[in-house]
Amino acid sequence: MDPQIISWIVSLIAGGAGGNIVGALLKNRNLGPMLNTVLGAVGGGLGGKVLPMLVPAIAGLVGGGDTNYAGTGVLSAIVGALLPLIVGFIKKPAVAA
């Protein structure tokens, strides 16, 4: 299989996992499992594949290239967690206790 396709798959799966992890950790910002997964996968795809192309320093941190699946996965999980978190803060304002 093509390494670039595997790298995209890793990005999407890691992003989806990151979105669900942040949803599980922050119950008051949880958007539901489906939306967390979709937003996480979008964030993971953008963060793992597009962000290193736009910011060369990030490409250097994750090792660059399509065969560094661990670096791509970690970056994708982080950005995949951030996107649902940001949407959760916009969509669900904090309730004063």
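Just a few scattered comments:
- Search result, residues across the range 1-28 that are more than 20 Å from Ala70 (Cβ to Cβ) and surrounded by fewer than 19 Cβ atoms within 10 Å (Cβ to Cβ): Ala24, Leu25, Leu26, Lys27, Asn28
- Odd one out for Gly40 among (1) at pLDDT below 85; (2) crowded, with 17+ Cβ neighbours inside 10 Å: (1)
- Search result, residues across the range 46-57 that are surrounded by fewer than 21 Cβ atoms within 10 Å (Cβ to Cβ) and small (Gly, Ala, Ser): Ala57
The values are calculated or read from the model by the stated rules, or taken from the named source; none is laboratory data. Values in this document were obtained by computation on a predicted structure and should not be read as measured data. Cβ sites come from the backbone with ideal geometry, for glycine too, and all protein chains shown count toward neighbours.
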